[in-house]
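The values are calculated or read from the model by the stated rules, or taken from the named source; none is laboratory data. Because the structure is a prediction, the values reported are computed rather than measured. Here the Cβ is made from the backbone with ideal geometry for all residues, glycine too, and neighbour counts use every protein chain on show.
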Amino acid sequence: MSGLGVTKPVSTKPPEPADFASTREMTAYLQEIGAFESPARKRERESALTGLTTVVEGWGARVSTAKGIKSTVRRQVRVMPFGSSRLGVATPGACVCV
């Protein structure tokens, strides 16, 4: 598959034992410096996102109803997280970006 913004992979070879070792070493270092979000912080972030979603969807439903917009269109008002939040790799202190 080729197209705008699509490039070929640098390599299609499977990882070698040294690659796995490097990954383990980097992961250990990142854990040591606190680069990973704690489970408690992750739950807090997810809870905030759930609350924000509830508020935005309620607002969208109220505005759509007041303007006479069909219910199928109303359901399209939603929060769409992106970046590290969407990928599940947010670091401590990262904002909830939507």
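Rundown of residues vs (1) in contact with a Leu (Cβ under 7 Å, 6 or more places away or on another chain); (2) at pLDDT 85 or above; (3) within 15 Å of Ala90 (Cα to Cα), yes/no style:
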residue: Thr7; (1), (2), (3): no, yes, no
residue: Val10; (1), (2), (3): no, yes, no
residue: Pro17; (1), (2), (3): no, yes, no
residue: Thr23; (1), (2), (3): no, yes, no
residue: Glu32; (1), (2), (3): no, yes, no
residue: Pro39; (1), (2), (3): no, yes, yes
residue: Lys42; (1), (2), (3): no, no, yes
residue: Arg45; (1), (2), (3): no, no, yes
residue: Thr53; (1), (2), (3): no, yes, no
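If you check every pair at least six apart or on different chains, which have Cβ atoms under 9 Å apart with a residue in region 14-25 that is without any contact (Cβ under 8 Å) to a residue 24 or more places away in the chain and surrounded by 10 or more Cβ atoms within 10 Å (Cβ to Cβ) first and a residue that is of a type outside the set (Phe, Trp, Tyr) and part of a helix (DSSP H, G or I) second?
From region 14-25, the pairs are Pro15/Thr23.
Looking only at helices (runs of 4 or more DSSP H) that fall completely inside region 1-85, which ones have 2 or more residues that are under 23 Å from the mean Cα position of the chain (by Cα) and not charged (D, E, K, R)?
17-32, 39-66
Can you find, within region 42-59, the residue that is farthest from Met80 (Cα to Cα) among those that are among the basic types (Lys, Arg) and touching a residue at least 40 places away in the same chain (Cβ under 8 Å)?
Only one residue tops the list, namely Lys42.
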